[in-house]
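The values are calculated or read from the model by the stated rules, or taken from the named source; none is laboratory data. Being a predicted model, the structure only gives us computed values, none of them experimental. Here the Cβ is made from the backbone with ideal geometry for all residues, glycine too, and neighbour counts use every protein chain on show. Note: accessible area is taken over every heavy atom of the protein model, side chains too, but ligands, DNA and RNA are not part of it. Shrake-Rupley method; radii C 1.70, N 1.55, O 1.52, S 1.80 Å.
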Amino acid sequence: MSLEIHGLTARRDAALAYLGQRTGTLEYRFLRYAAVADELFACGLSDDSLLVDLGAGTCDFDFYLRTVRGWKGRYRPVDASIDGTDQNYWVPPLRYEFAVAIEVLEHLAFPH
């Protein structure tokens, strides 16, 4: 089954185009993602895990986990640009094993 059947090729190409427009290089962001992924996997992240990503944006971390690390778990992005969630007032509506907020603190009104 080809990637095109699932529309994955277009989504991958759009994600790569977006990544090229962001500040910092993809390689630099992947260094940060590698450090976070190492910690998550050390804590037990597996292909059976649900990972919630607060402030996911266009899901760069999910892209990294799947393409570089081969992770096949469930990923739930939480971001105003994706689902309209205001992260200043977000309350987790579901059960999850892991959560990250890699690039969100600088956007919160009260980060502490």
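The candidates Y96, Y64, arranged from most to least accessible area with a 1.4 Å probe in the full protein assembly, appear as Y96, Y64. Highest mean packing comes first when the peptides 33-45, 51-63 are listed by Cβ atoms within 10 Å, giving 51-63, 33-45. Using the Karplus relation 6.51 cos²θ - 1.76 cosθ + 1.60 with θ = phi - 60°, the per-residue 3J(HN,Hα) values for the range 64-79 come to 4, 4, 7, 7, 8, 9, x, 5, 10, x, 8, 10, 10, x, 10, 7 Hz, with x marking Gly and Pro. Given a Förster distance of 30 angstrom, what is the FRET efficiency for N88 paired with E39, based on the Cβ-Cβ distance and rounded to 0.05? Here the calculated transfer efficiency is 0.75.
Taking amide hydrogens as placed 1.01 Å from N in the peptide plane, the amide H of V52 sits under 5 Å from those of R76, F98, A99, V100, each at least 5 positions away in sequence or on another chain.
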